[in-house]
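The values are calculated or read from the model by the stated rules, or taken from the named source; none is laboratory data. Note that this is a predicted model, so its numbers are computed, not measured. Neighbour counts run over all protein chains shown; Cβ positions are idealised from the backbone, glycine included. Keep in mind that these areas ignore ligands, DNA and RNA; they rest on the heavy atoms of the full protein, side chains included. Shrake-Rupley method; radii C 1.70, N 1.55, O 1.52, S 1.80 Å.
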Amino acid sequence: MKVRYGISALMLAGLFTGTTAACGSETGPSSTEATSAASEAAAPESAAATTGAGTSATGSASAEAAPAEEAMITIKDFEYEMPETIAPGAEVTVTNEDDAPHTVTAEDDGGFDVDVPAGETVTFTAPEEAGEYAVICTYHPEMSATLVIS
């Protein structure tokens, strides 16, 4: 294989300098043949350079896959600001803008109970099962909302 690339490199060099490379005879390949051979020899190297060493075009596309869906809940003035809906299993970011700690707790069997210190941001994973989940703050029971998973 190295010989093939070496000969092709000689032919390519000959094209650039205007000479023909003779392989043991008076007549060498025509310029069309040399160009074709040089193109074939360079093709694998060009493909590798385009996609990066060891990376296929499909490999780089999958590396840029879309991140998982995210949702935001904000706690401000002792109230929950909820999105209309959250996808099942989505990563939920909770930001507490108050000066007091709060929780995002499923009132019934929702499987989530997240403590959010004052001025902090935390994350949790939304339930996988679609439905409406009543949410309360265990520190401030008057705070309530509904988390809709769909």
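List of remarks:
- Selection within region 97-150 - of a type in the set (Phe, Trp, Tyr) and part of a strand (DSSP E or B): PHE124, TYR133
- Of all residues in region 124-141, those that are in contact (Cβ under 8 Å) with a residue 12 or more places away in the chain and surrounded by 12 or more Cβ atoms within 10 Å (Cβ to Cβ) have Cβ atoms under 6 Å from Cβ atoms of residues that are acidic (Asp, Glu) and part of a loop (DSSP other than H, G, I, E, B), 6 or more apart or on another chain, in ALA134/GLU107; ILE136/GLU107.
- Hey, GLU91 open to solvent by 40 Å² or more (accessible area, probe 1.4 Å), modelled with pLDDT of 95 or more and farther than 20 Å from VAL148 by Cβ or not: no
- All conditions in (1) under 24 Å from the mean Cα position of the chain (by Cα); (2) open to solvent by 50 Å² or more (accessible area, probe 1.4 Å) hold for PHE78, with the sole exception of (1).
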